[in-house]
Amino acid sequence: MNNLYPVYTLKQECHDCYKCIRECHVKAIKIENGSASVLNDKCIACGHCVIACPSGAKRVRNDIDKVKTLLTAQKKIYVSLAPSWAGVYELSIQQMVAILKKLGFYAISETALGAQEVSIKCAQILNNGANGLYISSACPVIVDYIKYYKPEFTENITPIASPALTHAKILKETYGNEIAVVFIGPCIGKKNESDRHPDLIDAALTFEELNLWINDEFININELEINEQDKFIPDFAYEGALYPIEGGMNETMKQIGLNKDITLINVSSLPSFEKALTGLEKNNLNKKIFVEALACDGGCINGPCIASTKASIAVTADILSKIKYRENIPKEPKVVVDIPYKANPVSKEEFSLEELTEAMKKIGKTTEADELNCGGCGYSTCRDLAQALIRGEAEPSMCISYMRKTAMKKAAKMLRCMPSAVVMVDKNLNILEANDAFMRTFCADMYEIFASRPEGVTGAAIERLTPFADIFKNTLKTGQDIHKEHFPHENKLYDINAFTIESGEIAGAVITDVTKSEMDREKIARRAREVISKNIATVQDIACLLGEHMVETELLLSSIAEDFETTQEKEGE
């Protein structure tokens, strides 16, 4: 069994999005340090988070290496090819088989063969069964959803394996248990089936993995040699090829023949399936109802790894155009895999009012009016988020309204406490925000009026309060920061740092009174100049004295030298 769950997250690519939570029908996501990870014990591998993830952080486990290992072990690998291939690939049967054999597979067979056996067995169960609810077991995602989240309906799942597992058993009974079976299709849930039933399916690949492998091997279909042996074994599938289309299974059972007291219903997508079961009193049904339930909207043709950009109508049309119907369908299945499904409910913790109240406080919800239920965090309600916080599956920072209020409070407090004047204006040069220092500095005569208003000076024209409105005009026009030093205004000097907040729309400025510092600086400079002047005068005096002393010394030394030379000449005579 592969230790890596079929769906996982590349944490370095996942940042503060929460879209996967919004898309996950069962909320099997945990947020930690702003990054989302899959809760394996809650996940049903529907793949919605993989499709929804805007950064591609949600990934599907790649099992190509696992299959290559089987090839290295010289295993004869038989492919169970999902019937949706007919709508995805613009290839003939011979071409599809040839490509797969080129990759190293021994033989190719259609999963639809297993689907046909499942339909025959289901028809038997329905015709011979009592009144009540019956739910198809064909979709592994639906089966897991029922076991985890609707455990009371587990006993209503038809107790037979999916078409993929049934087909794998057909292949092993036909060609020997020593062969390996690899399923290929659009479903992520099949990887869970493979992990749980390694005795039947050795590995499951998606169409996306298949395409990746084909590209890596540089296989060109036009260069492949096609021969008569390139065909499906042991036989072609017939009505079973309808399974990937919504209502396909029910249609196959109609072909087999059902009693008139049986009602067939098609339901596709998890939300639709949940809604269909809500409020249903299954024990009071006076008829037989069979629900063909599929997790993907529209059926398997819209699977998460379908690997096709074709419209679903076109995919459906292509599948239907290749289906052949049998005139005589057997009344008894050749192969059946009996599975008694057991409920495995995800625990639903009940939290006390005190716990919920404390959790709600963490996201700033202290009154009912605070509960916006905006869904920005990915949860439907603020209380759902609070419960996730208690379970350790969420973080307070996920609440956008709470974070916004917190940021605004911090920003407002910082503005109020700043000694410098701060102001922000819009493109019309009307004030959007200003702190108390700004009002005291530039609205001194009206400070009491502005300070008493909740909005302060918001809405006032900046050019009516300050003489430097042109600085804002230039900042808004050029988008560049402007620094103005020693701007004079009413016998004071200001340093003005104007900057862009939103290009062409909002600009701000920090205005600092530097009058005192400039005066102190001038005093220091004047005193320094005085000291320097005195020092220069002193140095000049010293230089003069040194200069006179040097002249006298030079004359004395010259006289001594002359006398010394005269004495030497006389002694020489």
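The values are calculated or read from the model by the stated rules, or taken from the named source; none is laboratory data. All of these numbers come straight from a predicted model, not from anything done at the bench. No Cβ is skipped: glycine too gets one built from the backbone with ideal geometry, and neighbour counts run over all protein chains shown. The accessibility values were calculated without ligands, DNA or RNA, using every heavy atom of the protein model including side chains. Shrake-Rupley method; radii C 1.70, N 1.55, O 1.52, S 1.80 Å.
How large, in percent, is the carbon and sulfur part of the accessible surface of region 358-437 at a probe radius of 1.4 Å?
55
Enumerate the lysines that LYS492 could reach by cross-link, defined here as Cα to Cα under 25 Å, with residues fewer than 8 away along the same chain left out.
LYS473, LYS484, LYS516, LYS523
Can you find, among MET403, VAL337, GLY375, the residue sitting farthest towards the positive end of the charge dipole of region 316-428, where Lys and Arg contribute +1 and Asp and Glu -1 at Cβ?
Of the listed residues, the answer is MET403.
What aspartates and glutamates could a cross-link reach from LYS413, if we take a straight Cα to Cα line under 14 Å and drop same-chain neighbours fewer than 8 places away?
GLU433, ASP436
Beyond 18 Å between alpha-carbons counts as too far, so tell me which of LYS361/LYS405; LYS361/LYS409; LYS19/LYS348 fall in that bin.
Details: LYS361/LYS405 13 Å; LYS361/LYS409 16 Å; LYS19/LYS348 23 Å.
Exceeds cut-off: LYS19/LYS348.
Under a 1.4 Å probe, what is the accessible area of the chain per residue, stated in Å²? Mind dumping the intermediate values first?
Working: 30740 Å² over 573 residues.
That works out to 54 Å² per residue.
Add +1 for every Lys or Arg and -1 for every Asp or Glu among the other residues with Cβ under 15 Å from the Cβ of TYR402, and state the total.
On the way: positive: LYS361, LYS362, LYS365, ARG383, ARG404, LYS405, LYS409, LYS410; negative: ASP16, GLU358, ASP370, GLU371, ASP384, GLU395.
Result for the local shell: +2.
If you project the alpha carbons of region 338-478 onto their three principal axes, what span does each projection cover, largest first, in Å?
Extents along the principal axes: 86, 36, 23 Å.
Quick one: how many lysine pairs does region 145-294 have with C-alpha atoms less than 16 Å apart and a gap of 8 or more or different chains? Give me the count, please.
Working: LYS150/LYS275; LYS150/LYS282; LYS169/LYS190; LYS254/LYS288; LYS260/LYS287; LYS260/LYS288.
For region 145-294, the number of qualifying lysine pairs is 6.
Applying a 10 Å radius around every beta-carbon, put 330-342, 261-273 in order of their mean neighbour count, most first.
On the way: 330-342: 14.0, 261-273: 17.4.
Averaged packing, sorted descending, gives the order 261-273, 330-342.
For region 29-155, just say rounded, prolate or oblate: build the C-alpha gyration tensor, square-root its eigenvalues into a ≥ b ≥ c, call rounded for a/c under 1.5, and beyond that prolate if a/b exceeds b/c, oblate if not.
Working: a/c = 2.14, a/b = 1.06, b/c = 2.02.
The shape class here is oblate.
Could you give the nm distance between label points at ARG404 and TYR106, where each point is 7 Å from its Cα heading toward the beta carbon?
Taking the two extended label points, one gets 6.2 nm.
In percent, how large is the relative contact order of the chain, given Cα pairs closer than 8 Å and 6 or more residues apart?
Working: 917 pairs, mean separation 79.9, N = 573.
Answer for the chain is 14 percent.
Which order do the peptides 125-135, 142-152 take when ranked by the mean count of other beta-carbon atoms within 10 Å per residue, highest first? Kindly include the intermediate steps, with their values, before the conclusion.
Details: 125-135: 15.7, 142-152: 20.0.
My ranking of the peptides, most packed first, is 142-152, 125-135.
Let me check the size of the chain from its C-alpha atoms; what are the radius of gyration and Dmax in Å?
41.6, 163
So what's the net charge close to TYR149: Lys and Arg +1, Asp and Glu -1, counting the other residues with Cβ under 13 Å from its Cβ? List each step's numbers first, then the result.
Working: positive: LYS27, LYS42, LYS147, LYS150, LYS348; negative: ASP41, ASP144, GLU152, GLU274.
Summing Lys/Arg as +1 and Asp/Glu as -1 gives +1.
Once you put a point 7 Å from the Cα of ARG196 and another 7 Å from the Cα of LYS68, both along the Cβ direction, what distance in nm separates them?
3.0
Taking the Cα centre of the chain as the origin, how large is its charge dipole in debye, to the nearest 20, when only Lys and Arg (+1) and Asp and Glu (-1) carry charge on their Cβ atoms?
So the dipole magnitude of the chain works out to roughly 3580 debye.
Note down the net charge around LEU372, summing +1 for each Lys or Arg and -1 for each Asp or Glu among other residues with Cβ under 12 Å from its Cβ.
That sum, taken over residues with Cβ under 12 Å, equals +1.
What FRET efficiency do you get for ILE219 and VAL346 if R0 is 30 Å and r is their Cβ-Cβ distance, rounded to the nearest 0.05? Present the calculation step by step, with values, prior to reporting the outcome.
Values: r = 43 Å, r/R0 = 1.43.
So the FRET efficiency works out to roughly 0.10.
Testing the spin-label approximation: label points 7 Å from Cα along Cα→Cβ at LEU10 and VAL514. State their distance in nm.
Between LEU10 and VAL514, the simple spin-label model gives 4.9 nm.
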